[in-house]
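J.: Take a look at this one; I'll ask things after.
The values are calculated or read from the model by the stated rules, or taken from the named source; none is laboratory data. In this text the structure is predicted, and so the values were computed from the model without any measurement. When we count neighbours, we look across all protein chains shown, and the Cβ atoms used for this are built from the backbone with ideal geometry, even at glycine.
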Amino acid sequence: MAAAGGAARQCWRRGGAGLARAVRGLSGSVREAEGLRAEELAERLRSSAGQRREIPKDPAQRQLRELTTLSQQLQRVHPNVLAKILKQETVVINKPYGLPVHGGPGIKNCIADVLPILAKMLENMRAEPLHLCHRLDKETTGVMVLARNRETADKVRLLFKTRQVEKIYWAIVLGDPDPAEGIVEIPIVEKEVQSHQSHFKMTLAPNYRLCPEDGKVVKTRRNRSAESAVTRYRRLAGASACSLLELQPITGVKHQIRVHLAYGLGCPILGDHKYSHWSKLAPQKLPVLTLRRLKLQQSKARHLPLHLHAHRLCLPLGQPIDLVCKPPHFFQKTLKKLELDIAKD
């Protein structure tokens with residue numbers, strides 16, 4: 001991640017200690033950290049990586065340790081960002097794959113559970129818990145913004161609600177969109193799929209349809225439950241029967257990008273087993289060339305993760321902040337296997 005104020009964006013690099021370990025080394029000396037330069041802070045983070053502590057005997061301490069361990073799943077914070085969050089009102093994390101934002105039935109670990117612990121690591125034991133400002137789906141990785149106080153959280157949420165935040169995603173999809181760049185503007189609605197395993201999915205609710213009898217375009221009856229949905233897309237690379245797309249959701253409907261790509265463009269996201277079929281829940285069917293490049297058998301396709309990454313956020317909070325997160329390792333590995341080369345800026 002990188003915070004830009006006119007300077008070129010810098011992608012955060014992996015490596016160093018996890019977030020929990022990094023902050024643990026600073027938790028006892030917040031006042032000192034405010035005066036640290038980024039290089040000094042980075043060195044302190046690296047030096048704390050090898051520190052180990054015994055497992056506490058007290059149950060409460062063990063629970064605290066478990067939450068601390070979980071916070072490591074929030075991956076790394078770039079030293080420059082970590083240095084600035086001690087003075088600014090936001091914290092930015094790179095959300096890992098498979099970790100939900102909110103809890104619920106059957107969910108043991110989620111980001112919301114570790115926010116109080118992260119706040120104490122960053123500030124002190126009296127720190128106010130960090131606040132969620134928006135959400136990402138469980139299977140989506142990338143940029144997430146947290147607020148250090150309720151006032152800032154309300155401001156950031158309002159920016160998202162009024163569509164003032166520029167959001168850029170990357171997705172590896174099956175096939176090539178035609179045209180290679182454009183806008184998908186089709187309403188979306190949730191429907192129940194009647195099959196041997198009844199389930200709900202988001203789907204398209206177009207305002208117009210093609211009449212099969214005479215080929216004319218006719219207006220359909222508006223579905224009152226449908227929500228307006230607009231997604232801009234641009235093809236960045238193509239190879240191995242797949243494409244890398246840059247996506248900008250203008251609206252924020254549930255599963256909007258996945259539905260517009262799968263049903264609007266006919267290019268489902270790699271690893272999107274939910275929206276690769278309408279009438280059933282089944283593993284995604286992959287092209288032979290894609291399977292060969294991934295060195296994967298179709299019977300193992302069910303294990304492919306969703307390749308959707310929140311790559312960038314532009315947050316107009318005071319001075320505009322441009323935040324960029326590199327894709328996770330599995331995403332980068334897939335790009336390499338499929339020979340999807342991105343032109344560097």
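J.: Can you confirm whether residue 158 is surrounded by 14 or more Cβ atoms within 10 Å (Cβ to Cβ) and among the aliphatic types (A, V, I, L, M)?
T.: No; evaluated as a whole, the condition is false for this residue.
J.: Being on the phi > 0 side of the Ramachandran plot, more than 15 Å from the chain's Cα centre (by Cα), surrounded by 17 or more Cβ atoms within 10 Å (Cβ to Cβ) and assigned by TED's automatic domain parsing to the domain that holds residue 193 is the requirement here; does residue 241 meet it?
T.: Values: on the phi > 0 side of the Ramachandran plot: yes; more than 15 Å from the chain's Cα centre (by Cα): yes; surrounded by 17 or more Cβ atoms within 10 Å (Cβ to Cβ): yes; assigned by TED's automatic domain parsing to the domain that holds residue 193: yes.
Judged against the criteria, residue 241 is a match.
J.: Still on this model: Pick from 163, 157: which is assigned to a loop (DSSP other than H, G, I, E, B) and under 22 Å from the mean Cα position of the chain (by Cα)?
T.: Answer to the selection: 163.
J.: Consider residue 143 against the criteria (1) assigned by TED's automatic domain parsing to the domain that holds residue 120; (2) closer than 24 Å to residue 226 by Cα: it satisfies all of them except one. Which criterion is unmet?
T.: Failing condition for residue 143: (2).
J.: Looking at the range 266-276, is at least one residue of a type in the set (Val, Ile, Thr), out of contact with any Gly (no Cβ under 9 Å at 6 or more places or on another chain) and on the phi < 0 side of the Ramachandran plot?
T.: Looking for residues that are of a type in the set (Val, Ile, Thr), out of contact with any Gly (no Cβ under 9 Å at 6 or more places or on another chain) and on the phi < 0 side of the Ramachandran plot, one finds at least one in the range 266-276, hence yes.
J.: Among 305, 327, which is closer than 30 Å to residue 191 by Cβ and out of contact with any Cys (no Cβ under 7 Å at 6 or more places or on another chain)?
T.: 305
J.: Now a separate question. Please enumerate the residues belonging to the range 192-229 that are outside any loop (DSSP other than H, G, I, E, B) and surrounded by 15 or more Cβ atoms within 10 Å (Cβ to Cβ).
T.: Kept after step one, since they are outside any loop (DSSP other than H, G, I, E, B), are these residues of the range 192-229: 192-193, 199-204, 208-210, 217-219, 227.
Across the range 192-229, the qualifying residues are 193, 201, 202, 203, 204, 227.
J.: Buried (at least 17 other Cβ atoms within 10 Å of the Cβ), under 17 Å from residue 176 (Cβ atoms) and hydrophobic (A, V, I, L, M, F, W, C): which single residue out of 340, 289 fits that description?
T.: 340
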